[in-house]
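What follows is calculated from the coordinates using simple rules that are stated; it is not laboratory data. From a predicted model like this one, the values you see are computed outputs, not experimental measurements. Cβ: placed from backbone, ideal geometry, glycine included. Neighbour counts: every protein chain shown.
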Amino acid sequence: MTPETLSRIERELDLKEAAREIYGLTEVMGPGVAQECPEDRHAWMHIWTDHFVVEVVDPETGEVLSEGEEGEIALTTLNREAVPLLRYRTRDETKLEEPDDLPYPRISIMKGRIDDVIFYKGVKVYPTAVAEIVMSFPELGEHQLLVSDNTPSLKLRVECSRPSEELRRVVKSKLSAATFVNVEVEFVEPGALPRYEGKAKRVVKG
């Protein structure tokens, strides 16, 4: 979850405490695999190594990577007796760092799902980078990224409560700077895009 999304949750729910990032997988134990580092919020999470062995591996070869190298997080459970998991491949992209003042190693806040990454005209585009920019504008809401190799640019379709050409220009500029590709912006009315009970479908290919 991006810092902008967390800030929006805090603001709209009028939270008295900070919303914190927690990492988990249903297949492993649900929430609680890692929690946001209190000294370096929005950057690192501490893995509970009394419950897991954590490795970062090359997503293509499975080779274990060195500290600081980005790859796929793989988890081995230490306290599951009935169905232990050995080097479970999560498809989440991160990097590993040795502990700081706490006795638990750190992983970076997830860059995104490896399977969600878009390769557009030779450029790697992370949907999380798009979501981070969208959430930084209070006027914007639900969004979809439309991808087609037959068009000269990506298109962001986003709900907007107060559309204007100036806002479109600013959003387009920020998106192009973050993704290194041309992104067209289409505003639609709030409620126009579909809602999902599970994982939202942010990328539409066609």
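Where nothing but the Cβ of Lys and Arg (+1) and of Asp and Glu (-1) is charged, how large is the charge dipole of the chain around its Cα centre, in debye to the nearest 20?
Dipole magnitude for the chain comes out near 960 debye.
Over all alpha-carbon pairs of the stretch 3-111, lay out the pair-distance distribution in 10 Å bins, whole %, shortest bin first.
Per 10 Å bin, starting at 0, the Cα pair percentages come out as 14, 44, 30, 10, 1.
On a 0 to 90 degree scale, rounded to 10, what angle separates helix 165-179 from the longest Cα axis of the chain?
30 degrees
May I ask for the Kirkwood hydrodynamic radius of the chain, worked out over all distinct Cα pairs and given in angstroms to one decimal?
Radius from the Kirkwood sum: 18.8 Å.
For the pair Glu165 and Asp40, what calculated FRET efficiency results from E = 1/(1 + (r/R0)^6), where r is the Cβ-Cβ distance and R0 = 35 Å, to the nearest 0.05? Present the calculation step by step, with values, prior to reporting the outcome.
On the way: r = 39 Å, r/R0 = 1.11.
The calculated FRET efficiency here is 0.35.
From the convex hull of the Cα coordinates of the stretch 117-205, what is the mean projected area in square nanometres?
Details: hull surface 22.3 nm².
Average of the hull's projected areas for the stretch 117-205 equals 5.6 nm².
Between Lys121 and Val83, how many nm apart are label points set 7 Å from Cα along the C-beta direction?
It is 4.5 nm.
How big is the convex hull of the Cα atoms of the stretch 44-91, per residue, in Å³?
On the way: hull volume 3.9 nm³, N = 48.
About 81 Å³ per residue, rounded to a whole number.
Where is the GNM fluctuation largest for the chain (alpha-carbon springs, 10 angstrom cutoff): Glu186, Glu139, Glu166?
Glu166
Can you run phi through the Karplus equation (6.51, -1.76, 1.60; θ = phi - 60°) for the stretch 139-146 and list ³J(HN,Hα) in whole Hz, with x for Gly and Pro?
6, 9, x, 4, 8, 9, 10, 9
Only Cα pairs under 8 Å and at least 6 apart count here; give the relative contact order of the chain as a rounded whole percent.
Values: 371 pairs, mean separation 27.7, N = 206.
Computed value for the chain: 13 percent relative contact order.
Could you go through the stretch 108-118 in sequence order and give the Karplus-derived ³J(HN,Hα) for each residue, using 6.51 cos²θ - 1.76 cosθ + 1.60 with θ = phi - 60°, rounded to whole Hz, and x for Gly and Pro?
Running phi through 6.51 cos²θ - 1.76 cosθ + 1.60 with θ = phi - 60° gives 5, 3, 3, 6, x, 7, 4, 6, 8, 5, 9 Hz.
From the phi angles alone, apply the Karplus equation (6.51, -1.76, 1.60; θ = phi - 60°) to the stretch 32-48 and give each ³J(HN,Hα) in whole Hz, x where the residue is Gly or Pro.
Whole-Hz 3J(HN,Hα) from phi for the stretch 32-48: x, 5, 8, 9, 3, 5, x, 8, 8, 4, 6, 10, 9, 10, 8, 8, 7.
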